[in-house]
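Note sheet for the following structure.
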Amino acid sequence: METRTCRHCGASLMLLREDARFCSAKCRVYAAREAKKLPTEMRSRDRFVRYSSKKVPLTVAGRNASSTNAATWSSHKDAVASEVGEGVGFVLGDGIGCIDLDHCIEDGRVADWAQEVLDNNPGTYVEVSRSGSGLHVFGLLTEGPGRNVRDGVRAIEWYSVGRYIALTGRRFNRSPLSLAPLVVPSL
């Protein structure tokens, strides 16, 4: 059975109605404010898309977008204002990359392997993924080929170009609203 948690603070929603997304009005307000906050290094670039329920990138007008075609991207302001699809995504590149830590949060606790990645990347923006069980560590990263590590314990990917990341605006542990150079995990 899937455990439902507050999209802002992570508290259990077990006793609330089935469609509840937040545990309180306070968390709903905080989440709305947080959703508008991203590091300036990201907000200032026209590298935003919308995405469908199947995570297909879309333009703000609802057509298919591409993570490799800048003509299909938009500003943060336009992406947030659009009601197309499920949410807003950021296209990696222009010196901004992401380490994607899948299935690393269980019962509110970060797995040791993921905590090591966080410890090696202090001072940079981190948000909880759409699933609520993963983390996206955004930062400065030279463009290059991505990597995918699935070794039975870790589920880590990192990319710096040619991909987009679905944003949630759910900042993890009050991470800073700035980007720092990323230290990618050793294999």
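The values are calculated or read from the model by the stated rules, or taken from the named source; none is laboratory data. Since we're looking at a predicted model, the values are computed, not measured. With ideal geometry, Cβ positions are generated from the backbone for all residues, glycine too; neighbour counts draw on all protein chains shown. To get the accessible areas, we keep the full protein, side chains included, count just its heavy atoms, and leave off ligands, DNA and RNA. Shrake-Rupley method; radii C 1.70, N 1.55, O 1.52, S 1.80 Å.
Out of the residues in segment 127-146 that are out of contact with any His (no Cβ under 9 Å at 6 or more places or on another chain), modelled with pLDDT under 95 and small (Gly, Ala, Ser), state the one that is nearest to Phe172 (Cα to Cα).
So the residue we want is Gly132.
Looking only at segment 11-29, count how many residues are within 20 Å of Phe172 (Cα to Cα) and open to solvent by less than 100 Å² (accessible area, probe 1.4 Å).
9
Any idea which of (1) open to solvent by 70 Å² or more (accessible area, probe 1.4 Å); (2) polar (S, T, N, Q); (3) over 16 Å from the mean Cα position of the chain (by Cα) is the one Ser82 doesn't satisfy?
With respect to (1) open to solvent by 70 Å² or more (accessible area, probe 1.4 Å); (2) polar (S, T, N, Q); (3) over 16 Å from the mean Cα position of the chain (by Cα), Ser82 is out only on (1).
Whether any residue in segment 95-105 is in contact with a strand residue (DSSP E or B) (Cβ under 8 Å, 6 or more places away or on another chain), in contact (Cβ under 8 Å) with a residue 24 or more places away in the chain and open to solvent by 70 Å² or more (accessible area, probe 1.4 Å) is what I want to check.
Checking segment 95-105: at least one residue is in contact with a strand residue (DSSP E or B) (Cβ under 8 Å, 6 or more places away or on another chain), in contact (Cβ under 8 Å) with a residue 24 or more places away in the chain and open to solvent by 70 Å² or more (accessible area, probe 1.4 Å).
For residues in segment 147-175 being farther than 17 Å from Cys104 by Cα and surrounded by fewer than 16 Cβ atoms within 10 Å (Cβ to Cβ), which is modelled with the lowest pLDDT?
Residue satisfying both the conditions and the ranking: Arg174.
I need every pair where a residue in segment 116-128 that is aromatic (Phe, Trp, Tyr) has its Cβ under 8 Å from the Cβ of a residue that is assigned to a loop (DSSP other than H, G, I, E, B) and open to solvent by less than 80 Å² (accessible area, probe 1.4 Å), sequence separation at least 6 or different chains.
What qualifies is Tyr125/Leu38; Tyr125/Pro39; Tyr125/Ser175; Tyr125/Pro176; Tyr125/Leu177; Tyr125/Ser178; Tyr125/Leu179.
May I ask you to verify whether Thr124 is modelled with pLDDT of 95 or more, under 23 Å from Arg47 (Cβ atoms) and open to solvent by 70 Å² or more (accessible area, probe 1.4 Å)? Quick ask: steps written out before the conclusion?
Working: modelled with pLDDT of 95 or more: yes; under 23 Å from Arg47 (Cβ atoms): yes; open to solvent by 70 Å² or more (accessible area, probe 1.4 Å): no.
No, not satisfied.
Identify, please: which residue in segment 35-69 is assigned to a helix (DSSP H, G or I) and surrounded by 13 or more Cβ atoms within 10 Å (Cβ to Cβ) and is, among those, modelled with the lowest pLDDT?
Start the filter on segment 35-69 by keeping residues that are assigned to a helix (DSSP H, G or I), which leaves 35, 40-43.
Remaining after also requiring surrounded by 13 or more Cβ atoms within 10 Å (Cβ to Cβ): 35, 41-43.
On the way: Ala35: 54, Glu41: 94, Met42: 96, Arg43: 93.
This residue is Ala35.
Here is a check on your reading of the model: is Lys77 open to solvent by 40 Å² or more (accessible area, probe 1.4 Å) and closer than 20 Å to His136 by Cα?
On the way: open to solvent by 40 Å² or more (accessible area, probe 1.4 Å): yes; closer than 20 Å to His136 by Cα: no.
Here the answer is no, as Lys77 does not meet what is asked.
What pairs come up if the first residue lies in segment 132-147 and is in contact (Cβ under 8 Å) with a residue 24 or more places away in the chain, the second is part of a strand (DSSP E or B) and open to solvent by 70 Å² or more (accessible area, probe 1.4 Å), and their beta carbons are under 8 Å apart, counting only those six or more places apart or on different chains?
Ser133/Glu106; Gly139/Pro181; Leu140/Pro181; Leu141/Pro181
Suppose the filter is free of Cβ contacts under 8 Å to residues at least 24 places away in the same chain and either more than 15 Å from the chain's Cα centre (by Cα) or closer than 24 Å to Trp158 by Cβ (or both); does Thr68 pass it? Reasoning before the result, please.
Working: free of Cβ contacts under 8 Å to residues at least 24 places away in the same chain: no; either more than 15 Å from the chain's Cα centre (by Cα) or closer than 24 Å to Trp158 by Cβ (or both): yes.
Answer is no for this residue.
Considering segment 85-94 alone, what residues qualify as being assigned to a loop (DSSP other than H, G, I, E, B) and open to solvent by less than 30 Å² (accessible area, probe 1.4 Å)? Show your work before the answer.
Here is the first cut: in segment 85-94, the ones assigned to a loop (DSSP other than H, G, I, E, B) are 85-86, 92, 94.
The one that is assigned to a loop (DSSP other than H, G, I, E, B) and open to solvent by less than 30 Å² (accessible area, probe 1.4 Å): Leu92.
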